[in-house]
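The values are calculated or read from the model by the stated rules, or taken from the named source; none is laboratory data. Quick caveat: nothing in here was measured; it's all calculated off a predicted structure. In this analysis, Cβ positions are derived from the backbone assuming ideal geometry, glycine residues included, and neighbour counts consider all displayed protein chains.
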């Protein structure tokens, strides 16, 4: 007896709920406008922007990027564990996301402390105004995202999520990856963009 | 579920390597500023694309949504580079 089996085709879908993707899209557009505004300000005073850029801690910025990439990866693994009903593994991956989120906050605090110790303030010049604005808004996203991940971690330890109940984790994970990709663009914009 | 065999782990490793290349490679004065800046933002665009496709799972999203989001890592770096070359022309 020959049993014919058709290839299983997964339907195309967005993780979480559509509303989260509307918010993610809107946030991405707002940041794109902020990036354009930064570049326009740079156009008027490239020498000040270049001199100020050299005072930023590029190594710490690079390490921040590695931290957020690792955080995103850990959260992806958490979601995959839920999809496969490996509910005992999900909390440890989500905790990884929480801890790396906290590491980013510590790293950014060190960076801000360095700047304030050197007498650098948002009002020092246009570059620093943009530096504190862009990194500050992004840091608020990190704080909010880490809080959400902490909530997920606590709930996942109580086995609240599974392959059939993963809408909330997918929404939070999608938001967390947005936080990651925004930093991927903010970092070269502020720290690595050399003058001609 | 072996983490090392997961596609997302390969993607994560690639993104980590690309970050090291831009942060501690292309940012040095080894290349001309134009080449370095174009390289840095091209790599940033690739990184954002992979985060969208593999971490945010847009690879399996409805096609119109996928292309709408995938426009961001194309348009934003091009806009930044447009401003960069305009600024360079004025100096």
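For region B:1-12, taking the residues that are within 9 Å of chain A (Cβ to nearest Cβ) and either modelled with pLDDT of 95 or more or closer than 21 Å to residue B:91 by Cβ (or both), the one that is surrounded by the most Cβ atoms within 10 Å (Cβ to Cβ) is identified as B:12. Could you tell me whether any residue of region A:5-17 is surrounded by fewer than 17 Cβ atoms within 10 Å (Cβ to Cβ) and modelled with pLDDT of 95 or more? Yes, region A:5-17 has at least one match. Checking residue B:38 against (1) at the interface with chain A (Cβ under 8 Å from one of its Cβ atoms); (2) modelled with pLDDT of 95 or more; (3) crowded, with 16+ Cβ neighbours inside 10 Å; (4) farther than 25 Å from residue A:24 by Cβ, only one condition comes out false. Which one? The failed condition is (1).
Evaluate the following for residue A:143: is it at pLDDT 95 or above and over 27 Å from residue A:52 (Cα atoms)? No; evaluated as a whole, the condition is false for this residue. Counting only residues that are touching a helix residue (DSSP H, G or I) at 6+ places or on another chain (Cβ under 6 Å), part of a helix (DSSP H, G or I) and within 9 Å of chain A (Cβ to nearest Cβ), region B:50-75 holds 9 of them.
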